[in-house]
Amino acid sequence: SASNKIKIVEVGPRDGLQNEKQVIPSEVKIELINKLSNVGLTAIEATSFVSPKWVPQMADARQVLTSITQKPNISYPVLAPNLKGLEAAIDAGAKEVAIFCAASETFNKKNTNCTLEESMERVKAIMDLAREKNVQIRGYISCVVGCPYEGPVSPKLVADISKRLLDMGCYEISLGDTIGVGTPGAIAKMLDEVLKVAPADKFAVHTHDTYGQALANILCSLDYGIRTFDSSIAGLGGCPYAPGAKGNVATEDVVYMLHGSGYDTGIDLKELIHIGDWISQKLGRPTGSRAGSALMLA
Ligand code: HMG
Ligand code: MG
């Protein structure tokens with residue numbers, strides 16, 4: 001049976017902040033990542049090397065990645081949508097890069113201005129350089145259960161894309177419920193198909209909490225043997241090309257649930273809560289984490 005060890009990929013500094021309307025000073029982003037590096041996390045998605053015209057908030061990617069204090073036991077993946085992004089990421093010292101595509105043509109077009117087939121071509125080009133430079137590539141698939149433009153998504157399509165990305169050399173696929181519409185029933189149907197193409201240790205589940213289903217979806221995924229989850233400090237987040245998408249599930253809430261259920265994340269929840277409180281104050285809003293607000297009052 002699957003182990004009780006869980007890997008959390010903290011995506012707050014990237015997925016959490018990319019959608020913020022206010023300009024967040026690079027120093028705040030850097031301090032956030034440095035603080036998160038002290039709580040037991042082993043993966044912190046730092047930033048994205050995307051077009052600054054498309055996502056202005058991430059225009060300081062190089063500044064952020066080169067200024068953080070990187071710890072040897074932590075990976076700091078960054079997003080790249082194309083070869084230009086990969087080159088910039090490598091030039092800034094990235095050792096791990098995440099590529100992304102969507103199981104919906106409309107979303108793929110809105111998010112990356114190309115078709116799914118063109119995305120696959122971009123990934124292929126990225127893989128060649130990544131292999132040469134010894135950079136690990138993680139693959140994201142967005143809209144794995146639903147698309148804001150096209151509605152429900154076929155589990156078979158998600159499985160097919162997963163296989164292609166794994167065959168091209170992605171070490172892991174993060175299955176994104178981009179707009180948080182998934183229910184445990186929908187997640188189960190999706191995982192039933194996806195786990196036909198590769199075992200559970202090749203996948204992560206990436207939830208957004210728009211409909212309040214994220215923790216339930218994580219529990220469901222645990223039953224399927226998934227042991228890697230993406231989450232965001234204080235529940236920050238949203239995708240600028242996914243209207244209505246709320247924050248990622250809050251890391252504090254995930255860790256609280258997992259520890260209470262006998263899983264080991266290696267994360268110090270108390271420290272995490274303080275960081276969630278700190279970044280929420282910096283952004284001038286209450287935390288999006290239920291456990292975070294409860295434990296700050298406790
Ligand atoms: P495009 O406009 O078709 O690109 O955008 P282009 O090749 O025509 O280039 C246009 C301009 O952008 C050029 O500059 C390029 O040099 C520049 P100009 O000559 O006009 O001055 N450019 C770049 N600059 C910096 N870094 C780059 C880069 N590439 C081109 N890498 C493109 C195509 C893919 C670039 C654009 O659509 C883009 O950047 N999209 C990213 C959108 C994004 O970041 N979305 C959020 C992340 S995905 C997400 O949140 C989902 C996830 O969390 C999982 C889930 O929840 O499902 C991962
Ligand atoms: Mg996301």
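Among the residues of the stretch 33-49, is any without any contact (Cβ under 8 Å) to a residue 24 or more places away in the chain and either away from ligand 1 (no atom under 16 Å from the Cβ) or of a type outside the set (Gly, Ala, Ser) (or both)? First the steps, then the outcome.
Restricting attention to the stretch 33-49, the residues satisfying the condition of being without any contact (Cβ under 8 Å) to a residue 24 or more places away in the chain are none.
Among the residues of the stretch 33-49, not one is without any contact (Cβ under 8 Å) to a residue 24 or more places away in the chain and either away from ligand 1 (no atom under 16 Å from the Cβ) or of a type outside the set (Gly, Ala, Ser) (or both), which makes the answer no.
If I filter the stretch 160-174 for residues that are modelled with pLDDT of 95 or more, among the aromatic types (Phe, Trp, Tyr), closer than 21 Å to residue 187 by Cβ and outside any helix (DSSP H, G or I), do I get at least one hit? So far as the stretch 160-174 goes, no, none of its residues is modelled with pLDDT of 95 or more, among the aromatic types (Phe, Trp, Tyr), closer than 21 Å to residue 187 by Cβ and outside any helix (DSSP H, G or I).
Taking residue 195, is it over 16 Å from residue 228 (Cα atoms), away from ligand 1 (no atom under 14 Å from the Cβ) and of a type in the set (A, V, I, L, M, F, W, C)? Give the steps one after another, and end with the answer.
Values: over 16 Å from residue 228 (Cα atoms): no; away from ligand 1 (no atom under 14 Å from the Cβ): yes; of a type in the set (A, V, I, L, M, F, W, C): yes.
In short, no.
For the stretch 196-211, taking the residues that are under 25 Å from residue 106 (Cα atoms) and touching a Gly at 6+ places or on another chain (Cβ under 8 Å), the one that is farthest from ligand 2 (Cβ to nearest atom) is identified as 211.
Restricting attention to the stretch 270-293, the residues that are touching a strand residue (DSSP E or B) at 6+ places or on another chain (Cβ under 8 Å) and free of Cβ contacts under 8 Å to residues at least 12 places away in the same chain total 0. For residue 132, the criteria (1) within 13 Å of ligand 1 (Cβ to nearest atom); (2) part of a helix (DSSP H, G or I) hold in every case but one, which is (1).
Pairs are defined by a Cβ separation below 6 Å, a sequence spacing of at least 6 or placement on different chains, a first member in the stretch 109-122 that is at positive phi, and a second member that is part of a helix (DSSP H, G or I) and loosely packed, with under 15 Cβ neighbours inside 10 Å; no pair meets this definition.
The values are calculated or read from the model by the stated rules, or taken from the named source; none is laboratory data. Model, not experiment: these values are computed from the prediction. Cβ coordinates were reconstructed from backbone atoms using ideal geometry, including for glycine residues, and neighbour counts include every protein chain displayed.
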